[in-house]
Protein chains: 2
Amino acid sequence: MQRGFIFDLDGTIYIDNQLIPGALDTVQKLIQRGDKIIYFTNKSIESIATYVQKLRALGIEVQDNQVVNSNYLVARYLEKNIAQQANVMVIGENPLIEEIEKIGIGCTWNPVETSYVIIGWDREFTYEKLNLAFQAWKKGATIIATNPDRTCPVASGEIPDCGAMIGALEGATGEKVELILGKPSVQAAKFITQELMRLPPEQCFMIGDRIETDIKMGIESGMHTVLVLTGITTKEIVNQSQYQPEFIVDSIRDLIDATTNLNSKGKDLRKK
Amino acid sequence: MQRGFIFDLDGTIYIDNQLIPGALDTVQKLIQRGDKIIYFTNKSIESIATYVQKLRALGIEVQDNQVVNSNYLVARYLEKNIAQQANVMVIGENPLIEEIEKIGIGCTWNPVETSYVIIGWDREFTYEKLNLAFQAWKKGATIIATNPDRTCPVASGEIPDCGAMIGALEGATGEKVELILGKPSVQAAKFITQELMRLPPEQCFMIGDRIETDIKMGIESGMHTVLVLTGITTKEIVNQSQYQPEFIVDSIRDLIDATTNLNSKGKDLRKK
């Protein structure tokens, strides 16, 4: 039975520029036995090409269509849901704008001609952008965000991520943003399992270090879930969470051992 | 029995630069019979001096100590609660910064030396300011906001107010801002009735055009409440609200008639 493995990147496959020990070996074993692999990150300030490059530099064999980020999900959503002559207003950085322009949809700062306001992480966010997005919303534009992450870890600690831009818009509109396409959106999980992997969710594993994004999405979309302890989550945090992963492993190194003897219902065959 | 009248400004006393018909007459009658008057606005981008000037230009007799805005409340709070050698980080415009500097507290952009982050409406809000405020919060600073208003009406419609800046911070921290000092904060109401008017709340009237700020604060702090229909609230909006004003008048013109024959328990003596 072919399986799908969806890997989070930072904290799961690597930390900053260091591969987590055992990651390469694990991924190679999955490839050798014919499983499907997708790498899925919420980060909206890097392009897919950058991730492909980084993974290859770390020795991991990967194709462009094996990496999904929240920008890519937004572009796919727009491709399906709006006419090409429509315009979107983008609060976000160049990789997000480029991903949208690639499909021929125009970007605008004119609230009157905006169908969707797309909010990503934007380190050049200003009151002016906020006001233009708010005016577009007042005129009926739909707000979509790339990812709900509050913060992003950086060398010096953490800095505000897309959650802050979402908060600013929600603070002005008094309404929740209608759609957030990154993890833990079930919409994203469905897109990856159905359209990219063509596998039922019960044959797929979501592997990541964050309970509120990776594990939550895996559980809510019917996948197997594996929490790695190499990122931001400790066992204590897991114990206090309402989302309990099916497997907890010290690192990606232990993934094959922990999950190989499962049948499609998640039952560990070794226990028999 | 002396009474206190707390008036909202825009939509209640004036609209833009036009006095609402009857406002001058009403205010003069209250002054003549010896009632106390305070004008209270949430707006954090103007100074008290500006409001005093504006009211006088409209013919209303007013002293500096009769105008309260949310900046003033923040300064009074800081004066009471922090040492003068402490530093605050201010996301806000010059009138807010000046009000704080007036009491000898230093303003800083250094997260390490920040005791309080003060958030007001800031039309020059940027990601950089957001990040510095977030870093100060991470290092233990308390966040206080001037006012919760989502938007502010302007000639062209409405634009994001302090609620958007609050949302951005809350989106990054994942926590609610600890203290918001403008209307409808009960803390603000107490300060005005106890310290400025020296009257029990049941001898005070809160008069304004906004249910979620003016009327909510009046009800929650035990004052009489009067909603005027000259601002943003219609009778239909009142009907759908969980906060029901004691009096609804078409305009400030009808205030004296509606409220004169009340005893201190709010009972309309004319009904006997």
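When residues in region A:1-19 are screened for being among the hydrophobic types (A, V, I, L, M, F, W, C) and either on the phi > 0 side of the Ramachandran plot or open to solvent by 10 Å² or more (accessible area, probe 1.4 Å) (or both), 3 of them pass.
Which residue out of B:Q242, B:Q194 is in the same structural domain as B:T26 (by TED's automatic domain parsing), more than 26 Å from B:G34 (Cβ to Cβ) and modelled with pLDDT of 95 or more?
Step by step, each of B:Q242, B:Q194 is checked, and only B:Q242 is in the same structural domain as B:T26 (by TED's automatic domain parsing), more than 26 Å from B:G34 (Cβ to Cβ) and modelled with pLDDT of 95 or more.
Selection within region B:152-168: residues that are open to solvent by less than 30 Å² (accessible area, probe 1.4 Å) and either of a type in the set (S, T, Y) or out of contact with any helix residue (DSSP H, G or I) (no Cβ under 6 Å at 6 or more places or on another chain) (or both). The member of this set that is farthest from the other protein chains (Cβ to nearest Cβ) is B:C152. Could you grab me the full set of residues in region B:64-82 that are touching a strand residue (DSSP E or B) at 6+ places or on another chain (Cβ under 8 Å) and over 23 Å from B:I37 (Cα atoms)? Listed by number, the residues that qualify are B:L78, B:I82. In region A:119-131, the residues that are in the same structural domain as A:E98 (by TED's automatic domain parsing) and under 16 Å from A:T151 (Cβ atoms) form Cβ pairs under 8 Å with partners that are of a type in the set (F, W, Y) and open to solvent by less than 30 Å² (accessible area, probe 1.4 Å), at six or more places apart or across chains, as follows: A:D122/B:Y127; A:R123/B:Y127; A:F125/B:Y127.
Can you report the number of residues in region A:169-201 which are more than 14 Å from chain B (Cβ to nearest Cβ) and in contact with a Lys or Arg (Cβ under 7 Å, 6 or more places away or on another chain)?
Taking region A:169-201 as the starting set, the residues that turn out to be more than 14 Å from chain B (Cβ to nearest Cβ) are A:178-179, A:181-201.
Keeping just the survivors that are in contact with a Lys or Arg (Cβ under 7 Å, 6 or more places away or on another chain) gives A:184, A:191, A:197, A:199.
Count: 4.
Entry remark, region A:122-142: residues being within 19 Å of A:N94 (Cα to Cα) and open to solvent by less than 10 Å² (accessible area, probe 1.4 Å) number 4 in total. Quick check on region B:40-66: of everything there that is more than 28 Å from B:F125 (Cα to Cα) and surrounded by 19 or more Cβ atoms within 10 Å (Cβ to Cβ), which residue is nearest to the chain's Cα centre (by Cα)? Among them, the one singled out is B:Q66. Within region B:179-207, which residues are farther than 18 Å from B:N71 by Cβ and in contact with a strand residue (DSSP E or B) (Cβ under 7 Å, 6 or more places away or on another chain)? Passing the criteria: B:T193, B:M197, B:L199, B:Q203, B:C204, B:F205, B:M206, B:I207.
So which helices (runs of 4 or more DSSP H) are wholly in region A:4-87 and hold at least 2 residues that are more than 25 Å from A:C162 (Cβ to Cβ) and not polar (S, T, N, Q)?
Values: elements: A:23-32, A:48-57, A:70-81.
In region A:4-87, the matching helices (runs of 4 or more DSSP H) lie at A:23-32, A:48-57.
Of all residues in region B:92-134, those satisfying the criterion of being of a type in the set (F, W, Y) and within 12 Å of chain A (Cβ to nearest Cβ) are B:W121, B:F125, B:Y127, B:F134.
Evaluation of A:N131 against the conditions (1) touching a helix residue (DSSP H, G or I) at 6+ places or on another chain (Cβ under 6 Å); (2) modelled with pLDDT of 95 or more shows that the sole unmet condition is (1).
The values are calculated or read from the model by the stated rules, or taken from the named source; none is laboratory data. Source: prediction; values computed, not measured. Positions of Cβ are generated from backbone atoms using ideal geometry, with glycine treated the same way; all protein chains shown enter the neighbour counts. The accessibility values were calculated without ligands, DNA or RNA, using every heavy atom of the protein model including side chains. Shrake-Rupley method; radii C 1.70, N 1.55, O 1.52, S 1.80 Å.
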